[in-house]
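Any read-out appearing in this document is the output of simple, stated calculations on the displayed coordinates, not a laboratory observation. Fair warning: this is a prediction, and the values are worked out from it, not measured in the lab. Positions of Cβ are backbone-derived with ideal geometry, glycine not excepted, and every protein chain shown enters the neighbour counts.
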Amino acid sequence: MEQYMMRGGKPLMGSVPISGAKNAALAILAAAVMTDDTVIIENLPDVRDINVMIGALEDIGANIVREDKHVVRINASSIKGLSVDYEYIKKIRASYYLLGALLGKYKKAEVALPGGCAIGSRPIDLHIKGFKALGAQVDVGYGLISANAKRLVGSHIYLDKVSVGATINILMAAALAEGKTVIENAAKEPHVVDVANFLNSMGANIRGAGTDVIRVVGVEKLHGTEYSVIPDQIEAGTFMFAAAATHGDVTVCNVIPKHLEATTAKLLETGCEIVEYDDAVRVIATNSKLTPTQVTTLPYPGFPTDMQPQMTVVLALAEGTSTVTESIFENRFKYVDELARMGAQIKVESNIAIISGVEKYTGARVSAPDLRAGAALVIAGLAADGITTVDDIHYIQRGYEDFEEKLRGLGASIEKVDSEREAQKFILKVS
Ligand code: UD1
């Protein structure tokens, strides 16, 4: 079983290239089946979730050529099946984007019902509400969610809660519906805008993405395109928090600084210096003492829930008391017990973590409970005294491309090990 082993205590220094946004790419891959023409997608991150989505597309009959690690050519004219197996949904919830994509194009789709996950119960009622409003009949039963429509007709849809997934799924179906759809209280995340831009490059007529009212005028068909996915704001933020926790000096490159504003604002509050360039952000924490602060996760442009564990890891090293309030998912503090094994002092009361900063973490063996919390534990390990081993790194590999290589490029002592022998070798090397 693969693990990350690291010896902490070295400030991270240097520049790190940021890959394409996993969450944008997942939806864009699904949307690529909405035309019979060939679609080329560039800047795909080479991570597990993307490979699972590509597997799901191939499974329903799409023809996919991987031109290189980051570019795929998709032709969906050969699609035969409109049913997405549990095998895929169980690995990535985002396979449910195929529901909106296939329903839009074929007016029929069936996807295994996603269950809950490590961070909460994750309902899909708003997706269903949207499809029904467009005229689809949606049935849930026997572990499946099926949607059928004779025709999809544009509608006015109010989302009771801001949901990235529901906004994107409805957007895809509405792109090929008859007439006008208005989605109110839509999610404004950068990847919602990226999916809208992608669909528009295929001939869709979507306006207002990035605001809370999105207007879609349905078109009859979509055509092929060549499109490059936006940079991953969560990957970038993870390296920025790693810079802060290790008192380093790191520049994240190939990013859109605007997408990182909530992260930069919080790093400034914790005492880091930030320098923004056109497509890079530098975090300087070499001389700064970390100061405590308060943070609440919110939909974009608020502080992202996907950055909450990484922020907590930094605040647990700040001098004084901080609070982190999780307002999106109900069960996103599972990693706190692991962090406590490294010396953190954090008390969780309902959805608030009350953090009393400690001077340093101490290396320990910990387990990644999910993707982002796993990355946060690696950050803690890089800041810790001694050796840390992180188990269950398959979670981290879902969303971080070449994570350990990129960290090594910043001077970290980290290796992926796959056996007791390799673990011993690492310990000898760093001792
Ligand atoms: C996406 C991201 C995930 C991120 C999350 C919030 C992808 C693949 N995943 O997940 O990394 O953490 O946004 O930024 O892009 N909700 C409902 N009913 C629904 C749908 C959602 O009540 O039908 C609730 C959820 O339980 C949650 C909130 O809405 O409390 C936001 O969830 P949502 O934005 O939908 O998250 P995802 O799209 O699943």
**Request:** Under 14 Å Cα to Cα from residue 10, which aspartates and glutamates show up? Leave out anything in the same chain fewer than 8 places away.
**Result:** 249, 385
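Considering only region 332-431, what is the antiparallel percent among its DSSP beta bridges, to the nearest 5?
Bridges in region 332-431 that DSSP calls antiparallel: roughly 55 percent.
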**Fill in**
Simple spin-label estimate for residue 64/residue 337, 7 Å along Cα→Cβ, in nm, reads 3.5 nm
**Complete:** Using alpha carbon centers only, region 262-282 is separated from region 208-235 by a whole-angstrom value of 27 Å
**Message:** Relative contact order for region 10-75: what percent, with Cα pairs under 8 Å and sequence separation of 6 or more?
**Reply:** 36 percent
**Request:** For helix 22-31, report the angle its Cα long axis makes with the longest principal axis of the Cα atoms of the chain; keep it between 0 and 90° and round to the nearest 10°.
**Result:** 10 degrees
**Complete:** Quick calc, residue 40 & residue 132: beta-carbon distance into FRET formula, R0 30 Å, rounding 0.05, result 0.30
**³J(HN,Hα) computed for each position of region 421-429 - Karplus, 6.51 cos²θ - 1.76 cosθ + 1.60, integer Hz, glycine/proline x** = 5, 5, 5, 5, 4, 5, 4, 4, 4
**Contact order normalised by residue count of region 22-219, Cα under 8 Å, 6+ apart, percent** = 17 percent
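How high is the FRET efficiency from residue 125 to residue 405, r the C-beta distance, R0 35 Å, rounded to 0.05? Each step should come with its number before you reach the end.
Values: r = 41 Å, r/R0 = 1.16.
Approximately 0.30, to the nearest 0.05.
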**Request:** Could you order peptides 236-247, 333-344 by the average number of other Cβ atoms within 10 Å of their residues, highest first?
**Result:** 236-247, 333-344
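Calculate, in nm to one decimal, what residue 140 and residue 228 gain on full extension: separation in residues at 0.36 nm each, minus their alpha carbon distance. Don't skip to the end; give the middle numbers.
On the way: separation 88, 0.36 × 88 = 31.68 nm, distance 3.51 nm.
Length gained between residue 140 and residue 228: 28.2 nm.
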**Reachable aspartates and glutamates, given that their alpha-carbon falls under 16 Å from the alpha-carbon of residue 425 and they are not under 8 places away in the same chain** = 2, 415
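Give the percent of DSSP beta bridges with both residues in the chain that are antiparallel, rounded to the nearest 5.
Working: 57 of 81 bridges.
Counting only bridges with both partners in the chain, antiparallel ones make up about 70 percent.
When the helices in the chain are scored as -39500 (n - 2.57) per DSSP H run of 4 or longer and the sum is shared across all residues, what 222 nm value do you end up with, to the nearest 500 deg cm²/dmol?
Numbers: 15 runs with 141 residues, N = 431.
Result for the chain: -9500 deg cm²/dmol, rounded to the nearest 500.
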**Prompt:** Which lysines have a Cα lying under 26 Å from the Cα of residue 80, excluding residues fewer than 8 positions away in the same chain?
**Reply:** 90, 91, 105, 107, 108, 132, 150, 221
**Fill in**
Once both label points are put 7 Å beyond Cα along the C-beta direction, the residue 427-residue 113 separation in nm becomes 4.7 nm
**Complete:** Expressed in nanometres to one decimal, the distance between label points 7 Å along Cα→Cβ at residue 87 and residue 277 is 4.4 nm
**Request:** Compute the Cα gyration tensor for region 22-219, then decide on rounded, prolate or oblate, letting a ≥ b ≥ c be the square roots of its eigenvalues: rounded whenever a/c is under 1.5, prolate when a/b is larger than b/c in the other cases, and oblate in all that remain.
**Result:** rounded
**Request:** May I ask you to derive the relative contact order of the chain, considering only C-alpha pairs under 8 Å and at least 6 residues apart, and to give it as an integer percent?
**Result:** 20 percent
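Please report, to one decimal in angstroms, the Kirkwood hydrodynamic radius of region 139-250 built from all distinct Cα-Cα pairs. Mind dumping the intermediate values first?
On the way: mean 1/r = 0.0630 Å⁻¹.
One decimal place: 15.9 Å for the Kirkwood radius.
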**Request:** Could you go through region 320-336 in sequence order and give the Karplus-derived ³J(HN,Hα) for each residue, using 6.51 cos²θ - 1.76 cosθ + 1.60 with θ = phi - 60°, rounded to whole Hz, and x for Gly and Pro?
**Result:** x, 9, 10, 10, 10, 10, 9, 10, 9, 10, 7, 9, 9, 10, 4, 6, 4
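Grab the other residues whose beta carbon is less than 9 angstrom from that of residue 22, score K and R as +1, D and E as -1, and report the net. Spell out each step's value before the answer.
Details: positive: 398; negative: 49, 232, 235, 401.
Once positives and negatives cancel, what remains is -3.
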**Request:** Relative to the longest principal axis of the C-alpha atoms of the chain, give the angle of the C-alpha long axis of helix 190-201, reported between 0 and 90° and rounded to the nearest 10°.
**Result:** 30 degrees
**Asked** Using 0.36 nm per residue, how much length does the chain from residue 180 to residue 360 gain when fully extended, once their Cα-Cα distance is taken away?
**Response** 59.2 nm
**Complete:** Inter-part gap, Cα centre of region 137-202 to Cα centre of region 1-67, in whole angstrom, is 22 Å
**Request:** Calculate, in nm to one decimal, what residue 291 and residue 419 gain on full extension: separation in residues at 0.36 nm each, minus their alpha carbon distance.
**Result:** 42.1 nm
**Prompt:** Roughly what % of DSSP beta bridges within region 114-230 run antiparallel, to the nearest 5?
**Reply:** 75 percent
